[in-house]
Amino acid sequence: MGKMALVVVDMLNSYDHPDAKLLQDSVARITAPLAHLIRRACRHPEVDVIYVNDNQGDFAATRSDIEALALKGARPDLVEPVLSPPECPFLVKVRHSAFYGTSLEYLLRRRGIETLVLTGQVTEQCILYSALDAYVRHFAIRVPRDCVAHIHADLGDAALRMMERNMSAQIVSGERCLED
């Protein structure tokens with residue numbers, strides 16, 4: 001599979017939006033496995049950890065601003081365990097895909113990344129659209145089922161099936177996603 005990047009999408013969330021309650025319940029189930037995966041990936045010599053997070057409409061927001069807003073939000077307990085390590089790249093996005101309007105593709109190509117492990121939220125939105133953009137850019141895709149959160153369980157399951165069937169994504173567990 002070559003060199004990998006663990007991409008953590010939109011986990012710095014203040015949970016003050018209309019779907020927040022449904023999302024919080026799902027995120028609560030993935031926080032511990034994702035935090036464990038991030039720690040493992042940071043120690044793995046062939047895995048880069050990259051955070052891509054929505055700017056919440058603040059086009060001047062920095063990593064620190066986004067982290068502070070999330071920690072002051074409704075569920076800091078879901079944010080603190082998955083805060084971005086300072087040595088990890090942090091890209092700000094403005095739409096659903098981690099690629100749209102960001103330097104993600106350039107960063108991945110410069111680092112020789114061949115496989116993306118997509119984690120975070122929301123499975124049926126940002127994870128799905130990021131997977132499609134990764135697929136059309138010829139990256140291999142892995143999605144650890146226990147490290148992605150959904151708003152609607154049925155749509156999350158459908159999105160995982162679509163990624164597997166239409167984008168050749170490997171749907172795996174967080175424990176196995178870094179294996180060759």
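Can you confirm whether Pro76 is open to solvent by less than 60 Å² (accessible area, probe 1.4 Å) and either touching a strand residue (DSSP E or B) at 6+ places or on another chain (Cβ under 6 Å) or touching a residue at least 24 places away in the same chain (Cβ under 8 Å) (or both)?
In short, no.
Filter segment 158-173 for residues that are open to solvent by 80 Å² or more (accessible area, probe 1.4 Å) and small (Gly, Ala, Ser) and give the result.
Across segment 158-173, the qualifying residue is only Ser168.
If you check Leu83, Leu104, which single one turns out to be of a type outside the set (Lys, Arg), within 17 Å of His36 (Cβ to Cβ) and open to solvent by less than 60 Å² (accessible area, probe 1.4 Å)?
Only one candidate qualifies: Leu83.
Select, from Ile50, Ile30, the only residue that is in contact (Cβ under 8 Å) with a residue 60 or more places away in the chain and closer than 21 Å to Tyr129 by Cβ.
Answer to the selection: Ile30.
Check Ile113 against each of (1) crowded, with 21+ Cβ neighbours inside 10 Å; (2) within 15 Å of the chain's Cα centre (by Cα); (3) of a type in the set (A, V, I, L, M, F, W, C) and name the one condition it does not meet.
So Ile113 meets the others, but not (2).
Specify which of the listed residues (Val8, Val92) is open to solvent by less than 60 Å² (accessible area, probe 1.4 Å), under 13 Å from the mean Cα position of the chain (by Cα), closer than 17 Å to Ile127 by Cα and touching a residue at least 60 places away in the same chain (Cβ under 8 Å).
On inspection, the qualifying residue turns out to be Val8.
Which one is surrounded by the most Cβ atoms within 10 Å (Cβ to Cβ), of the residues in segment 146-157 that are of a type outside the set (D, E, K, R) and not in a strand (DSSP E or B)?
So, considering only residues that are of a type outside the set (D, E, K, R) and not in a strand (DSSP E or B), the one surrounded by the most Cβ atoms within 10 Å (Cβ to Cβ) is Cys147.
How many residues does segment 133-145 hold that are surrounded by fewer than 18 Cβ atoms within 10 Å (Cβ to Cβ) and under 23 Å from Asp19 (Cα atoms)?
Total satisfying the criteria: 1.
The values are calculated or read from the model by the stated rules, or taken from the named source; none is laboratory data. Computed from a predicted structure; not experimentally measured. Counting neighbours? That spans all protein chains shown, and the Cβs are built from the backbone with ideal geometry, glycine included. Just the protein is used for accessible areas: all its heavy atoms, side chains included, with ligands, DNA and RNA removed. Shrake-Rupley method; radii C 1.70, N 1.55, O 1.52, S 1.80 Å.
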